[in-house]
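Beneath this line is the structure, given in structure tokens, with notes to follow.
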Amino acid sequence: MQVGNLRVQAQTNPTAAQQRIFPGPRYRASPYPRAPWSTPRAPGLHRYFVNLYPEDNGEHLVHREGCRRVPTFPLNLGHHPECRSAVEAAKRFFPRANGCLQCARECHVRRSA
């Protein structure tokens, strides 16, 4: 069969075609770890975010889910038991990460300008 400039061979057995395209089990375990936002939340864990853009003083603030100051396009840090581990995770991306004054006050460090 000819379609435009392409020559297409008709498949008589669609399951044979599927087996050639998708060998093995239909849903394989991924070799990559699950994304932090897709993992189920365990009791005692909170989801944390960090600002992609720094504040005027150059700090990237870490926020807990539900904070009024979470930016429009945050970077998801995943679920953490406390804000200290979330700030440490944010420091992998932004060395000047700091806790939000409203939702992560115990992790906020005052720095002189």
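Computed values, structure above
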read-out	value
Enumeration of residues in the range 70-111 that are assigned to a loop (DSSP other than H, G, I, E, B), of a type in the set (K, R) and at pLDDT 90 or above	R96
Residue, nearest to R111 (Cα to Cα), within the range 41-69, restricted to residues that are of a type in the set (D, E, K, R) and part of a loop (DSSP other than H, G, I, E, B)	E59
Residue match in the range 51-59 (condition: at pLDDT below 90 and surrounded by fewer than 10 Cβ atoms within 10 Å (Cβ to Cβ))	no
Single residue of the range 94-113 satisfying the filter (farther than 17 Å from R47 by Cα and loosely packed, with under 13 Cβ neighbours inside 10 Å) that is nearest to the chain's Cα centre (by Cα)	P95
Any hit, the range 17-38, residues being part of a loop (DSSP other than H, G, I, E, B), modelled with pLDDT under 85 and surrounded by 10 or more Cβ atoms within 10 Å (Cβ to Cβ)	yes
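The values are calculated or read from the model by the stated rules, or taken from the named source; none is laboratory data. Everything numeric here is computed off the predicted structure, so don't read it as measured data. Counting neighbours? That spans all protein chains shown, and the Cβs are built from the backbone with ideal geometry, glycine included.
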